[in-house]
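Inspection log for the structure reproduced underneath, given as structure tokens.
The values are calculated or read from the model by the stated rules, or taken from the named source; none is laboratory data. Owing to the predicted nature of the structure, the values given are computational and were not obtained by experimental measurement. Note that we place each Cβ from the backbone using ideal geometry, even for glycine, and neighbour counts take in every protein chain shown.
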Amino acid sequence: MNAESDHSLRISEIGQANHQIPRGGSPPRILIVDDSPTIRYTLKKDLQQMGAIVTEATNGSDGLSIAESRDFDLIITDVEMPQMDGFAFCAKLKSHPVKNSIPVVILSSREKEEDIEFAFKVGASNYITKSNARNDIRARVKEILDKRSLLNGRTVLVVDDSPSIRNLIEKALTKAGFQVILAENGRKALDLLYQYSPDMILSDLHMPVLDGLGLCKIIHNNKDFSQIPFIIMSSDGDRAKMRQLLEYGASAYLVKPFNIDQLVVTAERFLSDHFSRLLSERKRLESEQQMLIASISSLVLALEARDQYTRGHSESVAALVVDMAREMSMDEGGIERAKIAGKLHDLGKIGIRDDILLKPGPLNGEEWEILKLHPLIGADILGPIQSLSDIIPAIRSHHERIDGKGYPEGLKGEQIHLLARMVAVADTYDALTSNRPYRKGFSNEDALAIIKEGEGTQLCPECVQSFMRVFEKQRRD
Ligand SMILES: [Fe+2]
């Protein structure tokens, strides 16, 4: 491979639209091209506040020479300017062999449709009217910053048998904010794969021991690694082979010799697209989970609404458990799980006969044994839902006792999941303070005293203490 000697761009990729992603590790560099000192000043101030390094040009012609001589992550240009206007500037930049990938935002007071159409025709990525400039530009820069933070510190595994090429790529990727791991052949790369779990692989085609084709095949047949973007680098004569590699799951190929800057841009683009896809998939799953929880919570609400004595019980328990989770300094994920556990802890009562569930008086022995099945029924209902697997122990064990005398399994102490121990305290409090057909609810003070008595036998001491601190804090506030 001989990338050092040739700076002309010869890059072939299968993939996305040509769109440069800013590099991680350093502040975003933005060029403002505008003949109005006031607009340059206002924009510059705004962008600097967001952490950008700003360079100014007063017309398209100056803008072009500055853009050619330095690297930018984004260019914002006016339309009407002396010497060279914004449209001509954008068109020239987009025909530049290397600089064409810098996104250009056109900022104009013109709001006619034909101007907007023309801006996109000359290659602009956004058209912002000056009346909306402030918010729209902030949003665009924020988008760039978000992508940067997504990429910063990501690990790239570079596989090439040439030490000088490895060195060259390592330097360029490190400068762009990536962590780089080097391997001299495919076999070595496989060893490192297990050790470092890289976010992307950049591999040569011809190498001793195990070549790029062999490496690509092995990686894409392994479910732990098949999702890692794999970019292959080789010379023009290997095009047919490289196309074959795409069939084995490679994301793209780079034809040597190529410009090292373009290699970095390609790495950034593929990683950015990869993580954007992962993020949107995660958001989709999260929103599906929210909908699922909302549906199951509605079932619990409907179940409880049939009985004036249990109406709103699970919502109250959820609110108390969330307060405890905050008091215990749990992270956002832990607080969310606590809330769901509180809401769904009695879900299994759906499977209990109405003559037992709605019985106005105390239950007899046999009825009591049936009611005691509800934690297991709830755990069974949620069992197939993979995304709720963290919550199930809280549902199954919320009637266990710390001394091992609870049900359904007679677990003791820390054998009982923390969320279940927390729900147990909140559940006991809400049950004590609620009216029953056969007794009036206890006062807050009496209920707290009964909970305190249960500390270390029925209830978990840490959870009881946290619960007490929640009440003390509420009293003080
Ligand atoms: Fe329960």
Residue selected from region 115-165 under the condition under 31 Å from the mean Cα position of the chain (by Cα), closer than 30 Å to Pro208 by Cβ and surrounded by 19 or more Cβ atoms within 10 Å (Cβ to Cβ), by the criterion modelled with the lowest pLDDT | Arg154
Scope region 395-410; condition of a type in the set (A, V, I, L, M, F, W, C) and closer than 27 Å to Ile293 by Cα; matching residues = Ile395
Apart from one, (1) more than 30 Å from Pro229 (Cβ to Cβ); (2) surrounded by 12 or more Cβ atoms within 10 Å (Cβ to Cβ) all hold for Gln289; the odd one out is (1)
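Condition check ((1) modelled with pLDDT under 85; (2) of a type in the set (D, E, K, R); (3) more than 30 Å from Pro28 (Cα to Cα); (4) outside the structural domain of Asn100 (by TED's automatic domain parsing)) across all residues:
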{"site": "Ala176", "(1), (2), (3), (4)": "yes, no, no, yes"}
{"site": "Arg187", "(1), (2), (3), (4)": "no, yes, yes, yes"}
{"site": "Gly214", "(1), (2), (3), (4)": "no, no, yes, yes"}
{"site": "Ile219", "(1), (2), (3), (4)": "no, no, yes, yes"}
{"site": "Arg239", "(1), (2), (3), (4)": "yes, yes, yes, yes"}
{"site": "Ser251", "(1), (2), (3), (4)": "yes, no, no, yes"}
{"site": "Val255", "(1), (2), (3), (4)": "yes, no, no, yes"}
{"site": "Gln262", "(1), (2), (3), (4)": "yes, no, no, yes"}
{"site": "Leu271", "(1), (2), (3), (4)": "yes, no, no, yes"}
Take Ile450 and decide whether it is out of contact with any Lys or Arg (no Cβ under 8 Å at 6 or more places or on another chain), part of a helix (DSSP H, G or I), aliphatic (A, V, I, L, M) and farther than 18 Å from Ala341 by Cα.
-> yes
Some residue of region 298-319 being away from the ligand (no atom under 16 Å from the Cβ) and either modelled with pLDDT of 90 or more or surrounded by 14 or more Cβ atoms within 10 Å (Cβ to Cβ) (or both) | yes
Among the residues of region 364-371, is any touching a helix residue (DSSP H, G or I) at 6+ places or on another chain (Cβ under 8 Å), free of Cβ contacts under 8 Å to residues at least 40 places away in the same chain, within 11 Å of the ligand (Cβ to nearest atom) and in the same structural domain as Leu419 (by TED's automatic domain parsing)?
-> yes
Residue by residue through region 432-469, note down the ones that are closer than 23 Å to Arg326 by Cα and among the basic types (Lys, Arg).
-> Lys452, Arg469
Taking region 352-402 as the search range and keeping residues that are of a type in the set (S, T, N, Q) and within 42 Å of the chain's Cα centre (by Cα), which one is surrounded by the most Cβ atoms within 10 Å (Cβ to Cβ)?
-> Ser397
Flagged pairs (Cβ under 7 angstrom, 6 or more apart or on separate chains; first in region 350-362, modelled with pLDDT under 90; second exposed (fewer than 10 other Cβ atoms within 10 Å of the Cβ)) are Gly361/Tyr438; Pro362/Tyr438
